[in-house]
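To start, the structure itself, in structure tokens.
The values are calculated or read from the model by the stated rules, or taken from the named source; none is laboratory data. Remember, predicted model here, so these are calculated numbers, not experimental data. In this analysis, Cβ positions are derived from the backbone assuming ideal geometry, glycine residues included, and neighbour counts consider all displayed protein chains. Accessible surface is based on the protein model in full, side chains and every heavy atom, while ligands, DNA and RNA are left aside. Shrake-Rupley method; radii C 1.70, N 1.55, O 1.52, S 1.80 Å.
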Amino acid sequence: MSVARPAARRLISGHLAAVPGAGCAAAPSTAPCHHQLFAHQFHSSPQLSARRRPRFANVRASDMGLMDEKQIDQFTKEKFPKYTPEEIEQLRNRYSPEQIAALEAGEAAIDPRDLTVQGRLRVDPYTLPYIDDFAETQPIIDKRPKWKDAPDPNARFMNMDEFTQDLIRWADKFQQGDVTGMLKTLVDFVPEEFQKVPEAQWPGEVREEAHKAFQNYLEAEVNKQKDRDPDEMGSGPTDADVLQYILERSAMTDNNRTTDTSLAHALPSKVPGVAGLYKAAIDPADKGLDDIGIYQDLKKRTGMSVQNILRLQTKMLVWRHVSNQTRLGKVRKTSIMYVAGNGDGWLGIGEAKSTEGSIASMKARLLAIRNMRPIRRYENRTIYGTVEAKVSGTIVKMAARPPGFGLRVSHRIFEMCRCAGIYDLAATIPRSRNPMNSVKAAFKALCSQPDPEEIAIGRGKKLVDARKVYYGGDVY
Amino acid sequence: MGIYSVTNACIHLQNAARARLGLTSIPNTKYNLRLALAMHRAGLLASVTRGGPRPPPPEALLAYESEPVTNANVATRRIWVGLKYWNNEPVLRNVKPVSKPSRLVTATLDELNKVARGFPVGQLKGLTLGETLFLSTDRGVLEVREALERRVGGLVLCVVS
């Protein structure tokens, strides 16, 4: 684009307004002239005459004696020495032949002198914030190197025969008495042509014969061992060897390959960051009431014991299905509102959503208990005065009532009153009766009761409750 | 004697309290002055001061003497009313006029007795916690409890809470 565009533009303008060029103005229709013009115009580099020429000739550093070849060579030998044959041998142990070939090619491609003369510290924006040539592993900064291969993805548990062979291979490591050679395996009992073929492909009679011969051989060996005097026995496997066999020998067909990759890492018994999250420590103070650990967080937050938490009254007041419409479809959840109270002036509401109804229910219940707060009550049975609260389009009006009036309220407010310990109340919901909003508005109303003492202080009056004056306050 | 200025003053006081004003003024009429003093007696107002178009200095609210009222300046006289707040809430929160020029509401002593005990009578709703009633009687503007004490009924001006 960058090259073609201006050329194309010049092409057009060349037709519209005669571009000054050698001979073009004189004979614009001649083909060679056009050819000449365009050939030069399609070059992206400026013309030779347009190139910048320094006004003063530069002087090479070596001409000025700034570069001493001896010192360069010495520095190069010191800092960028070649690999010694021993080092290459070590590298061979660690790297595959292809990697070694790449290493050698890299070594051959770069002249150490260039490193000395041309080596610069990087200043480009992508420079690492520290200086390092990555020749050594620094345990604090670098990740732990993983030299071993990943586990064999095709490994499976050994079957009976493989297990036997593996056991024999292990036992052969321990030279015993007069046993000169290794124990024979099943493969030694089949004809030559089947020895390289897996057992599954052996003909039936060959396999049967081999198994029979192998069985006889093993029995003979066992008998031989039995007959032998135990004192004559040489150095057999020790207890430690047996333990090592049990604990460390792989039970899979991976030839005891060990690995240190993340795939092979077994999870530690206590995963950092996860330990204790899913298996709650059982507090003996709970007396076995909360072994699953549902209330442990609540215990810390509220300071209540599990016994007291379980004694609280809770009630599910609103239960509805909600869904979030996404481009992948509807994500349905259950939204639940709980109310909790101790029946003695404390009340809280909790609202939670979850795809699982039971989880939403539990969350809402715990939230309700967490949100519990004291509700002002007159004579521990009704509210103070009349209160009104509005949430969205829902208005709840509440009014105190005399003893014995009862709860003449709608069913959700009735449950709230039961949890809070209110026994005489009148409430109306004159406008919208949305379940969630009516519960919220009722809670808001209960929390916003006027305080007669505060009103009296504000007006500078003395306040006496006449009901508590006569009959010694015994007015029921 | 019309009550429109009293009705307007009631609403103005409510607006001023909701705007969290400390000092406000209402027109200088005898009716307004009596209502303001009745509210002051009830502890709803901090101060009631007669003054001119400029507010009196706050430190001199209780002992302020304005210039003598003359024919020339009577139209500019105002009643300066100090509002009260407690716990970040206005003491005079709601002022609802009951009577208005087009409908005067009166209450007899019997009716006042019922209303003061929380029972509704006619136009009036029963008083609830923190509510009080101001009446214009032949003994001046009184709070409902003062009126009951003096056994008089009268014109119901406003309900205050």
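Close amide H pairs (under 5 Å, H built 1.01 Å from N) link B:Arg93 with B:Ser161, residues at least 5 positions away or on another chain. The dipole here belongs to region A:96-143: it is taken about the Cα centre, uses +1 on the Cβ of Lys and Arg and -1 on the Cβ of Asp and Glu, and is about 200 debye. Per-residue 3J(HN,Hα) values for region A:242-253, derived from phi via the Karplus relation 6.51 cos²θ - 1.76 cosθ + 1.60 with θ = phi - 60°, read 5, 4, 5, 4, 5, 7, 10, 5, 5, 8, 10, 8 Hz in sequence order (x marks Gly and Pro).
For region B:103-161, applying the loop criterion from DSSP together with a ceiling of 11 other beta carbons within 10 Å to the trypsin sites (Lys or Arg not before Pro) yields B:Arg117, B:Arg151. Computed from phi, the 3J(HN,Hα) profile of region A:310-324 under the Karplus parametrisation 6.51, -1.76, 1.60 (θ = phi - 60°) reads 6, 7, 5, 8, 10, 8, 7, 9, 10, 8, 8, 9, 10, 9, 9 Hz, with x in place of Gly and Pro.
The alpha carbon gyration tensor of the protein assembly as shown gives principal lengths a ≥ b ≥ c with a/c of 1.5 or higher and a/b no greater than b/c, which makes the shape oblate. What the Cα atoms of region A:345-419 give is an Rg and a Dmax of 14.7, 45 Å.
Taking all protein chains as shown and a probe of 1.4 angstrom, A:Ser305 keeps an accessible surface of around 50 Å².
Paramagnetic label reach from A:Ile141 (point 7 Å along Cα→Cβ; backbone nitrogen cut-off under 17 Å): within region A:89-127, residues A:121-124, A:126-127.
A full extension of the chain between A:Phe157 and A:Asp451 corresponds to an added length of 98.2 nm, given 0.36 nm per residue minus the alpha carbon distance.
Distance from the C-alpha centroid of region B:69-88 to that of region A:425-476: 35 Å, rounded to the whole angstrom. Only protein heavy atoms count here; on that basis, with a 1.4 Å probe, A:Ile359 has an accessible area of about 80 Å².
The calculated P(r) of region B:1-133, using every Cα pair and 5 Å bins from 0, goes 2, 10, 17, 20, 19, 14, 9, 5, 3, 0 in percent. Counting only Cβ charges, +1 for Lys and Arg and -1 for Asp and Glu, the dipole size of the protein assembly as shown around its Cα centre is about 7740 debye.
Residues whose amide H falls under 5 Å from that of B:Leu23, counting only those 5 or more places apart or on a different chain, are B:Leu83, with hydrogens built in the peptide plane. If you take the square roots of the eigenvalues of the alpha-carbon gyration tensor of region A:272-382 and sort them as a ≥ b ≥ c, do you get rounded (a/c under 1.5), prolate (a/b over b/c) or oblate? The shape class here is oblate. Residues whose amide H comes within less than 5 Å of that of A:Leu317, counting only those at least five positions distant or on another chain, are A:Met337, A:Tyr338, A:Val339 (H built at 1.01 Å from N in the peptide plane). Computed over Cα pairs, the Kirkwood radius of region A:386-459 leads via Stokes-Einstein (0.890 mPa s, 25 °C) to a diffusion coefficient of 194 µm² per second. Largest first, the three principal axis extents of the alpha carbons in region B:76-161 are 36, 34, 27 Å in whole numbers. Once phi is turned into θ = phi - 60°, what whole-Hz ³J(HN,Hα) does the Karplus curve with 6.51, -1.76 and 1.60 give for every residue of region A:396-403, x standing for Gly and Pro? For region A:396-403, the Karplus curve yields 10, 10, 10, 9, 5, 9, x, x Hz.
Given R0 = 35 Å, the distance between the Cβ atoms of B:Asn87 and A:Lys468 translates into a calculated FRET efficiency of 0.90. Can you give me the angle between helix B:4-18 and the longest principal axis of chain B, using Cα atoms only, in degrees from 0 to 90, rounded to the nearest 10? Between the helix axis and the principal axis of chain B, the angle is about 80 degrees. One way to sum up the overall shape of region B:1-72 is the equivalent ellipsoid from its Cα gyration tensor, whose semi-axes run 19, 17, 12 Å, largest first. Ordered from largest to smallest accessible area (heavy atoms of protein chains, 1.4 Å probe), the residues A:Phe56, A:Phe194 come out as A:Phe56, A:Phe194. Projecting the Cα atoms of B:Ala116, B:Ser99, B:Gly154 onto the charge dipole of region B:95-160, computed from C-beta unit charges around the Cα centre, puts B:Ser99 farthest toward the positive end. Using heavy atoms of the protein chains and a probe of 1.4 Å, the accessible area assigned to A:Met362 is about 80 Å². Ordered by 1.4 Å accessible area with all protein chains kept, B:Tyr4, A:Tyr217 run largest first as B:Tyr4, A:Tyr217. Of A:Trp147, A:Trp170, the residue with the largest accessible area leads and the full order is A:Trp147, A:Trp170 (1.4 Å probe). Going 7 Å from the Cα of A:Ser392 toward and past its Cβ, which residues in region A:399-439 have a backbone nitrogen under 12 Å from where you end up? Correct set: A:432-439.
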